[in-house]
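> Sending over a structure as structure tokens; questions will come in a sec.
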There are 2 protein chains.
Amino acid sequence: MEKRQTDLWFTEYQTPDMRLGLRIDTILVNRQTPFQHILVADSLENGRFMALDGAIQVTDRDEFTYHEMMAHVILCAHPEPRRVLVVGGGDGGVVREVVKHPSVEKVFLVDIDREVIDTSREFFPGVSVALDDPRVEIKPMDAIEFIRSRKEDFDAVIVDSTDPVDFAEGLFREPFYRDVCAALRPGGYAVGQTESPFAEPEILKSAHDAMSRVFDDVRLFWGVMPTYPTGMWTYCTGCKQAPDPSVPRSAVPVDTRYYTEAIHAASFVLPPFLTEILGDDKGDD
Amino acid sequence: MEKRQTDLWFTEYQTPDMRLGLRIDTILVNRQTPFQHILVADSLENGRFMALDGAIQVTDRDEFTYHEMMAHVILCAHPEPRRVLVVGGGDGGVVREVVKHPSVEKVFLVDIDREVIDTSREFFPGVSVALDDPRVEIKPMDAIEFIRSRKEDFDAVIVDSTDPVDFAEGLFREPFYRDVCAALRPGGYAVGQTESPFAEPEILKSAHDAMSRVFDDVRLFWGVMPTYPTGMWTYCTGCKQAPDPSVPRSAVPVDTRYYTEAIHAASFVLPPFLTEILGDDKGDD
């Protein structure tokens, strides 16, 4: 008889009918916080990863694609972003990218779950590396509360939320977008992750529609993120008295692995099937 | 006690350490041909799909992204493609896109496995729809043999192979690329699928290097393909005395869902991590 091997897998049900499995060798964190379940494990394919309520948020191999696109598109669209708000994103990946912009003077990181921040500090030093930057102020609280008192305070608001379930649901709704818009200075931009157009087209459309009722101009861009469902990911930008975000206006940080000035422009080129989901004619032809 | 449900899944081991699962309700084909195993099933997430030797080739939901990029990029780069060779691609998806180009007079489809062609005709009418087009000639044989006798015969050669395993391995090697180049007319283009840069960077690099030793100019482009590993897919073009393939020179078919003229150009914009895999400076900056 052959010697048997331990066969240990993490499985994410990306939808009820589609699942991604990663072979793992070590589980480092496996606990419930007051807000969600945190799993940190080492996978053979993607290195270390963190899942919140069973959904992969960060893997060592591919987190750069998502974090770079979340941060650099609107920060490079802005001529001189000084004050930035990151909603969610407790792992610190977006903040790491934001502080690469020399004009940035102040970054608020507002994540409802302090344990995500602590876990990232302990297990993802490459992701959380900028959380101790003196420009960064961490607010472990509900962003929906935080933002209500902020008026014309930020040049950029980056909504790095989990999927629109439970406490994150409000981050995809019009009242929150109104508060985000009010919190932006004139000339400012907001961006949110708006899921996969293949797996969750109705979430994408609903978020895009809600933002369109609030902001002067709303534009979609996209990129790849291998361990998120279907690997194609969308991002929705809102402008407050600001020009077309598909044109970069400030310098691109040099040490990026996905984002460049040309990728910036290319990411706003929408395949027709994506324009169809939005139900308008904003796409490329 | 609750009533139990049948819980039936197809699982693709995309690598030894990563797997994608699709919930299925019906298996339509499940048999071994002389060349490979064919599975056709109806999934709840992606509709009907075909897997060869366990690897998804086509799903109803997303096959358009891959087939459109395989066909239209080099056919639109060419000012007037008349004669086209499709290697592999027995499902007919690439051929369906090729015949959308009004200049095309003749298409050879050379797939080693006649049963893939027959299965697609029976179960994927929307994919195999153009196999009876009078311009299409089907050759169920080894493309490596077929191409040896063809000299300066085609304006475009599209290598729609399975992964480089077993009989498909030769389709990623220099001797085959030399025959492809010889089979091209001056001004012609070849393209091959070169896998995911996340899951199989060494296959991508090796194919790119082999093509670079053969063709006048070799350029990489990319797109999304959700049910292929990591969702990000690369394609490598070779030019035979032909200009830069990133510029479209002939009209774009109107009924596409992924490909447009702007997507054509955008797909050649490479993120730095992808340029790094190639180990040269051909990427965008």
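> Find the eigenvalues of the gyration tensor of the Cα atoms of the protein assembly as shown, then list the square roots of 5 times those eigenvalues as equivalent ellipsoid semi-axes, largest first, in whole angstrom.
Whole-Å semi-axes of the equivalent ellipsoid: 41, 27, 21.
> Give the nm distances, rounded to one decimal, from B:Ser250 to the matching residue in every other copy, measuring between label points 7 Å along Cα toward the beta carbon; shortest first.
4.6
> Could you sort out which of A:Lys100/A:Lys151; B:Lys100/B:Lys205; A:Lys100/A:Lys205; A:Lys205/B:Lys100; A:Lys205/A:Lys240; B:Lys151/B:Lys205 sit more than 23 Å apart by Cα distance in this structure?
Values: A:Lys100/A:Lys151 25 Å; B:Lys100/B:Lys205 31 Å; A:Lys100/A:Lys205 31 Å; A:Lys205/B:Lys100 30 Å; A:Lys205/A:Lys240 20 Å; B:Lys151/B:Lys205 27 Å.
Result: A:Lys100/A:Lys151; B:Lys100/B:Lys205; A:Lys100/A:Lys205; A:Lys205/B:Lys100; B:Lys151/B:Lys205 exceed 23 Å.
> Continuing with the same structure: How far apart, in nm, are two points set 7 Å out from the Cα along the Cα-to-Cβ line at A:Gln5 and at A:Asp25?
Reported label-point gap for A:Gln5 and A:Asp25 is 1.1 nm.
> So, one more: Given the -39500 (n - 2.57) contribution per DSSP H run of 4+ residues, what per-residue ellipticity at 222 nm results for chain A, rounded to the nearest 500 deg cm²/dmol? Don't jump to the answer; show the numbers that get you there.
Details: 9 runs with 77 residues, N = 285.
So the helix-based figure for chain A works out to -7500 deg cm²/dmol.
> Multiplying the sequence separation of A:Asp42 and A:Gln241 by 0.36 nm and subtracting their Cα-Cα distance, what value in nm do you get? Mind dumping the intermediate values first?
Details: separation 199, 0.36 × 199 = 71.64 nm, distance 4.48 nm.
Length gained between A:Asp42 and A:Gln241: 67.2 nm.
> I need the shape label for the stretch B:63-278. Rule: rounded when a/c is under 1.5, else prolate if a/b > b/c, else oblate, with a, b, c from the alpha carbon gyration tensor. Provide the component values of the computation, followed by the final result.
Working: a/c = 1.19, a/b = 1.18, b/c = 1.01.
It is rounded, given that a/c, with a ≥ b ≥ c, falls under 1.5.
> A follow-up question, please. What does the charge count around B:Gln241 come to, taking other residues whose C-beta lies under 14 Å from its C-beta (Lys +1, Arg +1, Asp -1, Glu -1)? It would help to have the intermediate numbers written out before the result.
Values: positive: B:Arg185, B:Lys240; negative: B:Glu152, B:Asp155, B:Asp216, B:Asp217, B:Asp244.
Local charge sum for B:Gln241: -3.
> Which distance in nm do the two modelled labels at A:Asp118 and B:Glu174 give, with both placed 7 Å along the Cα-to-Cβ direction?
About 5.8 nm, to one decimal.
> Measuring from the axis that superposes chain A on chain B, report the chain A residue with the minimal C-beta distance, rounded to whole Å.
Looking at chain A's Cβ atoms against the axis toward B, the nearest is A:Gly231, 1.
> For helix A:201-212, what angle does its Cα long axis make with the longest principal axis of chain A, in degrees from 0 to 90 and rounded to 10?
Between the helix axis and the principal axis of chain A, the angle is about 30 degrees.
> Say a label goes 7 Å from Cα toward Cβ at A:Arg4 in every copy; what distances in nm does this one have to the rest, shortest first?
Label-point distances to the other copies, shortest first: 2.1 nm.
> What ranking, highest mean first, results for peptides B:69-79, A:9-19, A:178-188 when packing means the other Cβ atoms within 10 Å averaged over each residue? Write down the numbers at each step before the final one.
Working: B:69-79: 24.7, A:9-19: 16.5, A:178-188: 19.7.
In descending order of packing, they fall as B:69-79, A:178-188, A:9-19.
> Quick one: dipole size for the stretch A:172-285, taken about the Cα centre, charges +1 on Lys/Arg Cβ and -1 on Asp/Glu Cβ, in debye to the nearest 20. Mind showing how you got there, number by number?
Details: 10 positive and 16 negative charges, 88 e Å.
Its charge dipole is roughly 420 debye.
> Take B:Thr234, B:Thr6, A:Thr119 and order them by how many other Cβ atoms sit within 10 Å, fewest up front.
Numbers: B:Thr234 26, B:Thr6 5, A:Thr119 23.
If I rank by nearby Cβ atoms, fewest first, I get B:Thr6, A:Thr119, B:Thr234.
> Measure nothing fancy, just the Cα-based angle from helix A:174-183's long axis to the longest principal axis of chain A, in degrees from 0 to 90, nearest 10.
That helix lies at roughly 60 degrees to the long axis.
> Also, quick follow-up: To the nearest 10 degrees, how steep is helix A:63-77 against the longest Cα principal axis of chain A, on a 0 to 90 scale?
The angle comes out at about 10 degrees.
> Okay, moving on. Distance from the Cα centre of the stretch B:6-62 to that of the stretch B:109-161, in angstrom?
22
> Quote the charge dipole size of the stretch B:9-59 about the Cα centre in Debye, to the nearest 20; the model charges only the Cβ of Lys and Arg (+1) and of Asp and Glu (-1).
Working: 4 positive and 6 negative charges, 21 e Å.
The dipole of the stretch B:9-59 has a size of about 100 debye.
> Once a ≥ b ≥ c are taken as the square roots of the eigenvalues of the Cα gyration tensor of the stretch A:187-250, is the result rounded (a/c under 1.5), prolate (a/b larger than b/c) or oblate (a/b not larger than b/c)? Before the final figure, lay out the partial values.
Working: a/c = 3.33, a/b = 1.54, b/c = 2.16.
In terms of gyration-tensor shape, oblate.
> Please say if the stretch A:9-59 is rounded, prolate or oblate, where rounded means a/c under 1.5 for a ≥ b ≥ c the square roots of the C-alpha gyration tensor eigenvalues, and otherwise the choice is prolate for a/b larger than b/c and oblate otherwise?
oblate
> Explain nothing, just the number: dipole magnitude of the stretch A:43-133 about its Cα centre with +1 on each Lys and Arg Cβ and -1 on each Asp and Glu Cβ, in debye rounded to the nearest 20.
It works out to roughly 320 debye.
> Give the distance, in whole Å, between the Cα centre of the stretch A:69-103 and the Cα centre of the stretch B:197-217.
After rounding, the separation between the Cα centres reads 35 Å.
> Tell me the label-point distance for the pair A:Glu137, A:Val254, using the 7 Å Cα-to-Cβ offset, in nm and rounded to one decimal.
In this crude label model, A:Glu137 to A:Val254 measures out at 3.2 nm.
Since every read-out is calculated from the coordinates, none of them should be taken as a lab result. All values derive from a computational prediction rather than experimental measurement. Heads up, the Cβs are rebuilt from the backbone with ideal geometry, glycines too, and the neighbour counts pull from every protein chain shown.
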